[in-house]
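The values are calculated or read from the model by the stated rules, or taken from the named source; none is laboratory data. Because the structure is predicted, anything quoted here is derived from the model rather than measured. Cβ sites come from the backbone with ideal geometry, for glycine too, and all protein chains shown count toward neighbours.
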Amino acid sequence: MRIIADFHIHSKYSRATSKDMTARTIALWADKKGINIIASGDFQHPKYLAELKTVLEAAEPGLYKIKKERFASRIVLSTEIANIYKQGGKVRKVHTLVVMPSLEAAEKFSKKLDSLGNIKSDGRPIFGFPTKDLVKIAKDICADSMIIPAHVWTPWFSVFGSKSGFDSLEECFEEQTKHIKAIETGLSSDVLMNRRVSALDNIALISNSDAHSPRKIGREANVFETDLDYYKIKKAIETRDLKRFLYTLEFFPEEGKYHNDGHRLCKVNLSPREALANNNLCPVCLKPLTLGVLHRVEVLADRPLGYKLDKYIPQKHLVPLEELIAAVYGVAPSAKKVQTEYIRMLQVGGTEFELLLDKQKEALLKITEERITEAILKVRSEMVNIIPGYDGEFGKILVSDKKKRVAGIL
């Protein structure tokens, strides 16, 4: 069966996260989106862990479901940990996703972290020890855990980030690199961008939403052909099995808020080439620019734009349905007109992913108006223009009749 999985979200216990991010609401929205496996988020937080132990019950291997509810979606236990420490004469700030197959393992992990720092202040806690030690802790507690560097190119908090990261996985994880089988591409990069770095050829690339509110769940995800089974999905990821790990669902990376170089305060948005021509300084205030994901990929890449491996897990770019409807109507996604049409489309046409991925033109025209149907079909064909995001500002997607998107423009 087709399995759509999103392994990275946050609960209401994380900073700057919606109070609606509870296990029940997360499962409800996963069903609306058409997500089969959704992350719990923040499982190590004591209050949230107590709630999870109350509301979850075991389902398929390594997965859970909400008690006394008929949600189709399953919960996988995951959390994001921040490590901030000095190494190699620099302050390093790395975020890492940890996924566990059981509440018992999750509780042991939580108790271990509690002995090493403050896990009560935030759903994404910060520790001062090296990231490689986090890997060892997780693997010592549960050999079947997955440790995945999160949003690996984000400037401020990632393994390859321009502000505080490393130039290789080995530099960061040292002897624990053997346990890193996958990385998360993040919203501002996609598969083809990462495949320009040959050092990542033996690493699986996964995509997750990193959602802080229910509506953002599934804005990126992973698609498998397998059973509802944590261990089978883990194997498909780690072996990069083309028959089982079908593709990732990606933001257009230009839409991510750290794609281009820039300086938000000065409203300066530059391509890497433009930034380099200005010595990576803001032309308005002359301070250093925040160098984005595209720039950082270019620094570490040893392959040209457009390079494709003979065999790799492919990708599909999507725009969330609410954003598409909003673009057609020329209003914000939160507008009542957008919300009314979004809810109506789900009621008539099925889940969001069925509408975005599966329904053909004739079926879509029976569900919604022609303009929205055409927008969905154009996104599938990548007929979009994009104003790239930069320095914390999301990019803007414009559905286009003129040309296909060209990825990775410098």
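Could you count how many residues in the range 3-21 are assigned to a loop (DSSP other than H, G, I, E, B) and not polar (S, T, N, Q)? Steps first, answer last, please.
If we filter the range 3-21 for residues that are assigned to a loop (DSSP other than H, G, I, E, B), which is where we start, we get 7-8, 10-21.
Now narrow it down to the ones that are not polar (S, T, N, Q): 7-8, 10, 12-13, 15-16, 19-21.
Number of matching residues: 10.
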For the range 24-48, give me each residue that is buried (at least 22 other Cβ atoms within 10 Å of the Cβ) and over 18 Å from the mean Cα position of the chain (by Cα).
Gln44, His45, Tyr48
In the set Thr54, Thr79, which member is modelled with pLDDT of 95 or more and either among the charged types (D, E, K, R) or buried (at least 21 other Cβ atoms within 10 Å of the Cβ) (or both)?
Thr79
The number of residues in the range 144-169 that are closer than 26 Å to Glu107 by Cβ and without any contact (Cβ under 8 Å) to a residue 40 or more places away in the chain is 0
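Report yes if some residue within the range 383-398 is part of a helix (DSSP H, G or I) and at pLDDT 95 or above; otherwise report no. Full working, then the answer.
Of the range 383-398, the ones part of a helix (DSSP H, G or I) are none.
So far as the range 383-398 goes, no, none of its residues is part of a helix (DSSP H, G or I) and at pLDDT 95 or above.
For residues in the range 22-68 being basic (Lys, Arg) and outside any strand (DSSP E or B), which is nearest to Ile3 (Cα to Cα)? Working first, answer last.
Taking the range 22-68 and keeping what is basic (Lys, Arg), we get 24, 32-33, 47, 53, 65, 67-68.
If we keep only those that are outside any strand (DSSP E or B) too, we end up with 24, 32-33, 47, 53, 67-68.
Details: Arg24: 20, Lys32: 15, Lys33: 12, Lys47: 30, Lys53: 25, Lys67: 21, Lys68: 23 Å.
Filtering first and then ranking leaves Lys33.
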How many residues does the range 80-117 contain that are charged (D, E, K, R), without any contact (Cβ under 8 Å) to a residue 40 or more places away in the chain and not in a helix (DSSP H, G or I)?
1
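Can you name the residue in the range 196-243 that is outside any loop (DSSP other than H, G, I, E, B) and over 19 Å from the mean Cα position of the chain (by Cα) and is also nearest to Leu77 (Cα to Cα) among such residues? Before the answer, list the steps.
Residues of the range 196-243 outside any loop (DSSP other than H, G, I, E, B): 198-200, 204-206, 211, 214-216, 221-225, 230-238.
If we keep only those that are over 19 Å from the mean Cα position of the chain (by Cα) as well, we get 198-199, 225, 231-232, 235.
Working: Ser198: 31, Ala199: 29, Glu225: 21, Tyr231: 13, Lys232: 16, Lys235: 17 Å.
Ranking the qualifying residues of the range 196-243, first place goes to Tyr231.
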Which condition number in (1) touching a helix residue (DSSP H, G or I) at 6+ places or on another chain (Cβ under 6 Å); (2) surrounded by fewer than 22 Cβ atoms within 10 Å (Cβ to Cβ) is the one that Glu60 fails?
(1)
Pairs needed: first member in the range 330-352, over 19 Å from Ser73 (Cα atoms); second member anywhere, aromatic (Phe, Trp, Tyr); C-beta distance under 9 Å; at least 6 residues apart or different chains.
Pro333/Tyr342; Ala335/Tyr329; Lys337/Tyr329; Val338/Tyr329; Glu341/Tyr329
Between a residue in the range 131-143 that is within 14 Å of Gln87 (Cβ to Cβ) and any residue that is part of a helix (DSSP H, G or I) and charged (D, E, K, R), which pairs come within a Cβ distance under 6 Å, given they are 6 or more apart or on different chains?
Lys132/Glu174
Among the residues of the range 133-150, write down those that are crowded, with 19+ Cβ neighbours inside 10 Å, within 23 Å of the chain's Cα centre (by Cα) and not in a strand (DSSP E or B).
Leu134, Val135, Ala138, Ser145, Ala150
So Lys12 fits all but one of (1) out of contact with any Lys or Arg (no Cβ under 6 Å at 6 or more places or on another chain); (2) more than 17 Å from Pro101 (Cβ to Cβ); (3) crowded, with 17+ Cβ neighbours inside 10 Å; what number is the exception?
(1)
Within the range 283-297, tally of residues that are surrounded by 18 or more Cβ atoms within 10 Å (Cβ to Cβ) and either closer than 23 Å to Asn202 by Cα or among the β-branched types (Val, Ile, Thr) (or both):
6
Could you list all residues from the range 213-231 that are on the phi < 0 side of the Ramachandran plot and in contact with a Gly (Cβ under 9 Å, 6 or more places away or on another chain)?
Glu220, Asp229, Tyr230, Tyr231
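Here is a check on your reading of the model: is Val406 modelled with pLDDT under 95 and either in a helix (DSSP H, G or I) or outside the structural domain of Leu187 (by TED's automatic domain parsing) (or both)? Talk me through it step by step, then tell me what you get.
Numbers: modelled with pLDDT under 95: yes; either in a helix (DSSP H, G or I) or outside the structural domain of Leu187 (by TED's automatic domain parsing) (or both): yes.
Here the answer is yes, as Val406 does meet what is asked.
Tally the residues that are touching an Asp or Glu at 6+ places or on another chain (Cβ under 6 Å) and within 16 Å of Gln176 (Cα to Cα), restricting the search to the range 72-102. If you could, list the steps in order and put the result at the bottom.
Start the filter on the range 72-102 by keeping residues that are touching an Asp or Glu at 6+ places or on another chain (Cβ under 6 Å), which leaves 72-73, 79, 95, 97, 101.
Now restrict to residues that are within 16 Å of Gln176 (Cα to Cα): 95, 97.
Going through the range 72-102 one residue at a time, the tally reaches 2.
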Give Ala27, Ala23, Ala50, Ala72 a once-over and let me know the one that is assigned by TED's automatic domain parsing to the domain that holds Ile180, free of Cβ contacts under 8 Å to residues at least 12 places away in the same chain and of a type in the set (A, V, I, L, M, F, W, C).
Ala50
